[in-house]
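Everything below concerns the one structure shown next.
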Amino acid sequence: MAPEHAVESPTGTFVVAHHNTQMYWQQYQVSEVNTEGQVLRQFSSSLGGSVHIAIDSQGHILVVDWDRRRILLLDAQLALRRVIVDEHQLNDQRPGRLCSLCYVEQSGQLLVGLGDSVAVFDVLQR
């Protein structure tokens, strides 16, 4: 496992974006691990390129899928809920990294770096 990015979940586990270096092609995954390093669950459905994550207080995970130019929403069990930002909304640009400060949970706004600019998306589910 080669980690790309990690955040602590509200339950005290860690959510890690990583790629598998032992495969011919790099398979990118998001895994939840406990404090002993045991993998509790994984999500790997068609993630490509550099993967970065953010997490809200409910454990929902926002995942940047750089190669496929999209941002996914996973639930606390790492199941795909939906694509929240697609390549058309990103004007076919690759999204940059997410960090815990880039998602403003109270307003539901997601700030995404796009090259030399920042895009703001309203992702709050009403």
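The values are calculated or read from the model by the stated rules, or taken from the named source; none is laboratory data. Note that the coordinates shown come from a computational prediction; the quantities given were computed from them, not determined experimentally. For neighbour counting, all protein chains shown are included, and Cβ atoms are generated from backbone atoms with ideal geometry for every residue, glycine included.
Of all residues in the stretch 51-93, those being over 13 Å from VAL7 (Cα atoms) and surrounded by fewer than 16 Cβ atoms within 10 Å (Cβ to Cβ) number 15.
The residues on offer are GLY48, GLY115, GLY96, GLY37, and the sole one that is surrounded by fewer than 14 Cβ atoms within 10 Å (Cβ to Cβ) and at pLDDT below 85 is GLY115. Against the definition (of a type in the set (D, E, K, R), at pLDDT 90 or above and within 12 Å of the chain's Cα centre (by Cα)), how does ASP86 come out, yes or no? It is false that ASP86 is of a type in the set (D, E, K, R), at pLDDT 90 or above and within 12 Å of the chain's Cα centre (by Cα).
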